[in-house]
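Q: Have a look at the structure that comes next, please.
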Amino acid sequence: MSRPTIRQIEYLIALEHEKSFSKAAVYCNVTQSTLSAGIKDLEIVIGQNLVNRSGRKISLTPLGSETVEQGRKILRDVDHIMARAKAAQAPLSGTIRLGVIPTIAPYLLPYILPELQQSFPALELQLYEDMSARLVEMLHTRKIDAAIIAFPYETEGMEQHNLFEEEFYLASPKNKSLPDNLSVKDIKPEELLLLEDGHCLRDHALSACKLQLPHRRKTFSATSLATLIQMVGHGYGVTLLPEMVVKHAPMPNGITLAPFKTPAPKRQIGMIWNVSTPQKRDLQELCEKLRDFLA
């Protein structure tokens, strides 16, 4: 008797998650025809329709939704079996899919990857760069195994482990006069340039400095720190930059970087993973290695 395959179940779960055959195919890294054929084969094996194809929007039948729920449990069990098998090998000798937010990835990864490669030559680290909300969603759907993000951030069902904390610096145009003992009280909210909504660095910077933005202000927002830095360099305002950016990002000649007096505003960087992940031992060891290296 034919049975559903793991891949067919993955296709159906992806379709339920993405609500689109084309997006689900991209998610699974296959062609749309391959994904559609796989789900059709699953329906033939089960003997029932799992997908409503008649409407304008893709939806699952009641049995399709139940199959997805049970399928997720099956995949978790398969992951657990694979992780237990890897656990019998040397630590960190398998694959870890690690997500990193954009305000950390380009400034941290070039310095930690050589150390990890030297310490764990058998480790295959697959990297995914995205914003915090998307990385948390990818963790819930098993697309990645762990993520490096900035705290505080709501991560229900996840373990949070601190790696390090770093101070914020004020980046301002060189012709701007700043006090010797810079305080967060010296920041004029109407001059502050920030990343656009969706970047947690925006919220962390405002929270760390206890700033409230005026409801009406002439402002710019940027999609990346590189753009934000260039805007400051051209005199559009000031911004708050984390220490790793100050140390490792190229700065235009027209920028002054100033530390804050004690206590300086800070953000916390850490790792998160699912509470029930079967890779907990490897992730804990990776976290400890990163913590020691970054100390």
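Q: Looking for whichever is closer than 17 Å to GLU288 by Cβ and at pLDDT 90 or above here; the options are LEU98, LEU109, LEU63, LEU92. Which one fits?
A: Numbers: LEU109 fails: closer than 17 Å to GLU288 by Cβ; LEU63 fails: closer than 17 Å to GLU288 by Cβ; LEU92 fails: at pLDDT 90 or above.
The unique qualifying residue is LEU98.
Q: State all residues of region 217-275 that are closer than 30 Å to ARG142 by Cα, in a loop (DSSP other than H, G, I, E, B) and modelled with pLDDT under 90; if no residue qualifies, say none.
A: Those that are closer than 30 Å to ARG142 by Cα, in a loop (DSSP other than H, G, I, E, B) and modelled with pLDDT under 90: THR223, SER224.
Q: Hey, among the residues in region 190-216 that are more than 29 Å from ALA147 (Cβ to Cβ) and exposed (fewer than 14 other Cβ atoms within 10 Å of the Cβ), which one's modelled with the highest pLDDT?
A: GLU190
Q: If the Cβ limit is 8 Å and pairs must be 6+ apart or interchain, which residue in region 25-49 that is more than 14 Å from ALA14 (Cα to Cα) pairs with which residue that is charged (D, E, K, R) and not in a helix (DSSP H, G or I)?
A: VAL45/ARG3
For every residue, the table says whether it meets (1) in contact (Cβ under 8 Å) with a residue 12 or more places away in the chain; (2) assigned by TED's automatic domain parsing to the domain that holds ILE149; (3) under 16 Å from ALA146 (Cβ atoms).
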{"residue": "ARG56", "(1), (2), (3)": "no, no, no"}
{"residue": "GLU66", "(1), (2), (3)": "no, no, no"}
{"residue": "GLY71", "(1), (2), (3)": "yes, no, no"}
{"residue": "GLY99", "(1), (2), (3)": "yes, yes, yes"}
{"residue": "LEU113", "(1), (2), (3)": "yes, yes, yes"}
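The values are calculated or read from the model by the stated rules, or taken from the named source; none is laboratory data. Given the structure is predicted, the values throughout are model-derived calculations rather than measurements. Counting neighbours? That spans all protein chains shown, and the Cβs are built from the backbone with ideal geometry, glycine included.
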